[in-house]
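Following: one structure in structure tokens, then a few remarks.
The values are calculated or read from the model by the stated rules, or taken from the named source; none is laboratory data. Predicted model only: the values in this text are computed from it and were never measured. We place every Cβ from the backbone using ideal geometry, glycine too, and count neighbours over all the protein chains shown.
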Amino acid sequence: MARTRPTPTATVPGAGTLFALRAIGLVILARWLHSMAQMNFVAALEGMASSPAASLNLVFLFLLIVLPGARARVERPFHPLPQWLRQALRFFGVLGFLFAIGSIGVFVWTAGWRRTFHAVADTNGWLVAAPALYAAVVWICRPRALWRSNFAARRFAIGRFAVSIDATTRTTVVWQESRKVGQYDARELSVRWLTGALQGEAVASGPALLPAPAQPGHPAPAAGVAEPVAAMDCERSADSSAASGAEQSAATPEPDAPATQRPASAPFTAAPAGKPARRAKIELLWDSPAAAGHNRQAVFRVGLASEGDRTAARALDAALKQV
């Protein structure tokens, strides 16, 4: 007797993205065919042939429903689409959203709010749903990293960049969205912190560590991140002891003192009142003495827009120092 093959219950990461995009395309196509059914098909097709907006919508619907080259893969959970398809859908989605908002705005300006509410009720809310669907496509195809940060697996996501460290071979792979930037020796990479300077001034290099947020009772997000925190606590105690001893001695530092003995908070000067401080940025530097012309070359520079990016940047810095 033949044995039935069980159906796998776990979905492949990225399959939901493909399903959502195809569903949006089918909804727009169904609404378009419904609108054409209420009028003469021949006249509608003639009008579409002479309308650039309709031609762009046809191309957009074709790409949205067919999704050529798209495939859900475990190693690329957030990028099941090819890069060219993602950029094309984002471009056509922005054009469709602007066209829908412009058409609705002109109708509201000419007809008034009362007739607009009646039109929304007659179209079952399509005047509101159409721009929302185009905006959903743009949001799904937004720039993002290849995966989420997983500190235990040495995977880091900072902005649209993803970094993977292999501790066995001591290699590091850097991805920009779904495009592979390169593969480097982890011992030749380092993180440089850039402080937020005033507008128009050059960006100064800051310390390579940021204090981790104090969370009592919670473990550190990654192995090796607790070391920078302990180092910063030691620096704070050293600064407090130095401040107490400064009352008995001169406050002027020695001219030949090394730069590492200066307070760590010197580069992080507060912005003047009324001028917002720029968000912190980091650079991943590649310093390869064996490759001519690649000394102190920046692999990427990215701003830390969220707390998750800052945590991933600190963990990446600690992981590269441990390799």
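Things worth noting here:
- Residue in segment 136-161 that is nearest to the chain's Cα centre (by Cα), counting only those that are closer than 15 Å to W175 by Cα and among the aromatic types (F, W, Y): F161
- Every condition in (1) charged (D, E, K, R); (2) crowded, with 17+ Cβ neighbours inside 10 Å; (3) in contact (Cβ under 8 Å) with a residue 24 or more places away in the chain holds for R155 except the one numbered (3).
- With respect to the conditions (1) closer than 21 Å to V191 by Cβ; (2) in a loop (DSSP other than H, G, I, E, B); (3) touching a helix residue (DSSP H, G or I) at 6+ places or on another chain (Cβ under 9 Å), A152 falls short on a single one, namely (3).
- Qualifying residues in segment 129-151 (those that are among the small types (G, A, S) and within 24 Å of G182 (Cβ to Cβ)) - the one surrounded by the fewest Cβ atoms within 10 Å (Cβ to Cβ): S149
- Filter result for Q38 (touching a strand residue (DSSP E or B) at 6+ places or on another chain (Cβ under 7 Å), in the same structural domain as Y134 (by TED's automatic domain parsing) and either acidic (D, E) or surrounded by fewer than 17 Cβ atoms within 10 Å (Cβ to Cβ) (or both)): no
- Unique residue being part of a helix (DSSP H, G or I) and closer than 22 Å to A136 by Cβ when the list is L85, L45, L81: L85
- Given (1) under 29 Å from R179 (Cα atoms); (2) at pLDDT 90 or above, index of the condition A10 fails: (2)
- Residues (part of a helix (DSSP H, G or I), within 10 Å of the chain's Cα centre (by Cα) and either among the aliphatic types (A, V, I, L, M) or at positive phi (or both)) located in segment 298-315: none
- Picking from residues in segment 103-127 that are exposed (fewer than 12 other Cβ atoms within 10 Å of the Cβ) and among the polar types (S, T, N, Q), the one that is farthest from V27 (Cα to Cα) is T110.
- Among the residues of segment 156-168, those identified as of a type outside the set (D, E) and touching a helix residue (DSSP H, G or I) at 6+ places or on another chain (Cβ under 9 Å) are F156, A157, I158, G159, V163, I165, A167.
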